[in-house]
Amino acid sequence: MPLSIDELVAHVERLIAEQVELATILETAVHELHQTSPRFDWTGIYELFPDNVLRLGPFVGAPTDHVFIGVGKGVCGTAVAERRNINVPDVREVENYLACDANTRSELVVLIRAGETIFAQIDIDSHRIAAFDEQTVRDVERVAAVLADAYAREA
Ligand code: SME
């Protein structure tokens with residue numbers, strides 16, 4: 001049974017309280033989040049490194065060539081450069097989109113941040129056009145917020 005978003009957030013809060021290491025928390029969150037919707041065909045985390053490069057962390061779905069993405073490149077790098085979440089209803093209409101899977105139609109990037117500090121991002125791809133409605137975006141934002149707490153603890 002997939003966890004609800006409430007359960008997933010509570011689970012991550014518990015892992016933080018138990019001082020579980022960050023890598024394990026990220027891995028768990030990605031696997032659980034992926035299962036919360038049949039629309040999620042690829043779910044992963046890119047972590048932002050000090051050299052302004054995003055590096056692929058844990059993910060569920062097909063392996064991707066895009067293990068490193070520069071800030072400003074693709075949808076993922078643009079989200080960091082513009083310091084905002086990006087919901088793309090149809091990736092075929094985005095000029096600088098970096099394709100991972102030819103079947104992907106929509107993509108959601110939600111930053112994992114505390115104020116001005118961006119730690120990482122959640123990236124989700126769907127084979128469906130406009131897969132990410134407002135409720136889904138809010139749900140993913142809640143998961144990103146609790147993961148930001150996990151990063152902030154390390155800082
Ligand atoms: N599509 C992303 C690249 C990452 S893959 O979707 C996993 C982008 O344009 O940045």
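The values are calculated or read from the model by the stated rules, or taken from the named source; none is laboratory data. On a predicted model such as this, the values are computed, not experimentally measured, just so you know. With ideal geometry, Cβ positions are generated from the backbone for all residues, glycine too; neighbour counts draw on all protein chains shown. Only protein heavy atoms, including side chains, enter the accessible area calculation; ligands, DNA and RNA are left aside. Shrake-Rupley method; radii C 1.70, N 1.55, O 1.52, S 1.80 Å.
Quick check on residue 151: is it aromatic (Phe, Trp, Tyr), touching a helix residue (DSSP H, G or I) at 6+ places or on another chain (Cβ under 8 Å) and either part of a strand (DSSP E or B) or under 16 Å from residue 45 (Cα atoms) (or both)? Show your work before the answer.
Numbers: aromatic (Phe, Trp, Tyr): yes; touching a helix residue (DSSP H, G or I) at 6+ places or on another chain (Cβ under 8 Å): yes; either part of a strand (DSSP E or B) or under 16 Å from residue 45 (Cα atoms) (or both): yes.
So residue 151 passes the test.
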Number of the condition not met by residue 17 [criteria: (1) touching a residue at least 12 places away in the same chain (Cβ under 8 Å); (2) open to solvent by 50 Å² or more (accessible area, probe 1.4 Å); (3) among the aliphatic types (A, V, I, L, M)]: (1)
Scope the stretch 66-100; condition loosely packed, with under 14 Cβ neighbours inside 10 Å and within 9 Å of the ligand (Cβ to nearest atom); matching residues: 96
Residue, nearest to residue 144 (Cα to Cα), within the stretch 35-50, restricted to residues that are away from the ligand (no atom under 11 Å from the Cβ) and in contact (Cβ under 8 Å) with a residue 60 or more places away in the chain: 47
Number of the exception - residue 142 against (1) within 15 Å of the ligand (Cβ to nearest atom); (2) open to solvent by 60 Å² or more (accessible area, probe 1.4 Å): (1)
Restricting the stretch 104-115 to residues that are away from the ligand (no atom under 11 Å from the Cβ) and in contact (Cβ under 8 Å) with a residue 24 or more places away in the chain, the residue that is most open to solvent (accessible area, probe 1.4 Å): 113
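Every residue in the stretch 51-65 that is more than 10 Å from the ligand (Cβ to nearest atom) and touching a residue at least 60 places away in the same chain (Cβ under 8 Å), please. Step through it out loud before you land on a result.
At the first step, the residues of the stretch 51-65 found to be more than 10 Å from the ligand (Cβ to nearest atom) are 51-53, 55, 57-58, 60.
57 - this is the single residue of the stretch 51-65 that is more than 10 Å from the ligand (Cβ to nearest atom) and touching a residue at least 60 places away in the same chain (Cβ under 8 Å).
One residue is enough: does the stretch 5-26 have a residue meeting the conditions within 16 Å of the ligand (Cβ to nearest atom) and β-branched (Val, Ile, Thr)?
The first filter runs over the stretch 5-26 and keeps only residues within 16 Å of the ligand (Cβ to nearest atom), leaving 26.
Checking which are β-branched (Val, Ile, Thr) leaves us with none.
Scanning the stretch 5-26 turns up no residue that is within 16 Å of the ligand (Cβ to nearest atom) and β-branched (Val, Ile, Thr).
Give the residues of the stretch 105-148 that are among the hydroxyl-bearing types (Ser, Thr, Tyr) and over 22 Å from residue 24 (Cα atoms), sorted by residue number. Spell out the reasoning first.
To start, the set of residues in the stretch 105-148 that are among the hydroxyl-bearing types (Ser, Thr, Tyr) comprises 106, 117, 126, 136.
Of everything in the stretch 105-148, those that are among the hydroxyl-bearing types (Ser, Thr, Tyr) and over 22 Å from residue 24 (Cα atoms) turn out to be 106, 126, 136.
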